[in-house]
Amino acid sequence: MKMIDTHAHLDGEEFNEDLSEVVERALKAGVNKVCLPAINLSSVTTIEAVCRRYPDFAYPMIGLHPEEVKEDWEEVLAVMRGKLLENLTNTTDRTFKYIAVGEVGLDFYWSKTYRQEQLSAFEEQVKWSVETRLPLSIHCRKAQNEMVHILKRYAKELPGGVFHCFTGNEKEAAELLNFERFVLGIGGVLTFKKSHLPEVLPQIPIERIVLETDSPYMAPVPMRGKRNESAYVRYILQKMAECYDISEEEVARITTANALRIFNI
């Protein structure tokens, strides 16, 4: 049974001491591919190091996380765009290729100080997706209306992507899935006692779902409160099989196929 963790920050300092053991546990659990989103310029470097250390296991994305958007967002995106285009046109090194533009999006949960900057930075990176035909990995918190408004401008041109860490209701899911080539990323929240996702999920076609951990954050039950890691995706899969009333093997097969289709890996 093979699984793909479509969103994990394995380049974070939380894994500095035991990354090799984390990767070994993931492989042992059946997780044979992990997608690593960038959040800022420094993470672009750390992600590359991890992906070169574990080729055919760790796959890189590039993007500016909304909480990292500051006054210098244009300069940061200029550097990232240069790295992205250089990577895509590099024919001598095929071992390190970006698979998506991410983690990008909007987050007005903690602060709206850089609201306009976030909106502009997100739209710019949406344009990268259209230009490069790379999918988007989208983070959205307390900003779905604004996010949808921007995406609708490019709906016919977008190659697809993942709405990362979906925790919304059936109506919100339906609005997002109107973007036909997109799927919802489901993580540890599914297993939380007070989560409403177990009731929402059966209303969503499983062909529009991918698995993710968002490691090292939001560890699923029974690991809640601990550092999350890619091996724990199996707990999300187990709960998902219960929600859809199908076998774990079927959930693994379908969600893996979904991830391979979206990220073209």
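The values are calculated or read from the model by the stated rules, or taken from the named source; none is laboratory data. It should be emphasised that the depicted structure is a prediction, and the values quoted were computed from it without experimental measurement. Note that each Cβ is placed from the backbone with ideal geometry, even for glycine, and that neighbours are counted across all protein chains shown. Note: areas computed on protein heavy atoms with side chains; ligands, DNA, RNA excluded. Shrake-Rupley method; radii C 1.70, N 1.55, O 1.52, S 1.80 Å.
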Counting just the residues of the stretch 214-238 that are crowded, with 22+ Cβ neighbours inside 10 Å and in contact with a Pro (Cβ under 6 Å, 6 or more places away or on another chain), which one comes out farthest from Asp11 (Cα to Cα)? Ile236
Exclusive hit being open to solvent by less than 60 Å² (accessible area, probe 1.4 Å), hydrophobic (A, V, I, L, M, F, W, C) and in contact with a Leu (Cβ under 8 Å, 6 or more places away or on another chain), set Phe108, Phe163: Phe163
What are the residues in the stretch 78-108 that are hydrophobic (A, V, I, L, M, F, W, C) and within 23 Å of Ile262 (Cβ to Cβ), if any? Met80, Leu84, Leu85, Leu88, Phe96, Ile99, Ala100, Val101, Val104, Leu106
Among the residues that make up the stretch 185-197, is at least one of them open to solvent by less than 10 Å² (accessible area, probe 1.4 Å), modelled with pLDDT of 95 or more and more than 25 Å from Ala29 (Cα to Cα)? no
What is the number of the single condition among (1) closer than 24 Å to Leu211 by Cα; (2) in contact with a strand residue (DSSP E or B) (Cβ under 8 Å, 6 or more places away or on another chain); (3) surrounded by fewer than 22 Cβ atoms within 10 Å (Cβ to Cβ) that Arg133 does not meet? (2)
Does Leu119 meet the test of being assigned to a helix (DSSP H, G or I), of a type outside the set (D, E, K, R), open to solvent by 20 Å² or more (accessible area, probe 1.4 Å) and touching a residue at least 12 places away in the same chain (Cβ under 8 Å)? yes
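Yes/no per residue for (1) within 18 Å of the chain's Cα centre (by Cα); (2) at pLDDT below 95; (3) closer than 23 Å to Leu119 by Cβ; (4) among the basic types (Lys, Arg):
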{"position": "Leu134", "(1), (2), (3), (4)": "yes, no, yes, no"}
{"position": "Phe163", "(1), (2), (3), (4)": "yes, no, yes, no"}
{"position": "Glu170", "(1), (2), (3), (4)": "no, no, no, no"}
{"position": "Glu180", "(1), (2), (3), (4)": "yes, yes, no, no"}
{"position": "Val183", "(1), (2), (3), (4)": "yes, no, no, no"}
{"position": "Gln203", "(1), (2), (3), (4)": "no, no, no, no"}
{"position": "Glu212", "(1), (2), (3), (4)": "yes, no, no, no"}
{"position": "Val233", "(1), (2), (3), (4)": "yes, no, no, no"}
{"position": "Ile236", "(1), (2), (3), (4)": "yes, no, no, no"}
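Taking the options Leu84, Leu10, Leu41, Leu64, name whichever one is open to solvent by 10 Å² or more (accessible area, probe 1.4 Å) and out of contact with any Asp or Glu (no Cβ under 7 Å at 6 or more places or on another chain). Talk me through it step by step, then tell me what you get.
Numbers: Leu84 fails: open to solvent by 10 Å² or more (accessible area, probe 1.4 Å); Leu10 fails: open to solvent by 10 Å² or more (accessible area, probe 1.4 Å); Leu64 fails: open to solvent by 10 Å² or more (accessible area, probe 1.4 Å).
On inspection, the qualifying residue turns out to be Leu41.
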List pairs: first in the stretch 142-154 and among the acidic types (Asp, Glu), second outside any helix (DSSP H, G or I) and surrounded by 12 or more Cβ atoms within 10 Å (Cβ to Cβ), Cβ under 7 Å, 6+ apart or cross-chain? Glu146/Leu106
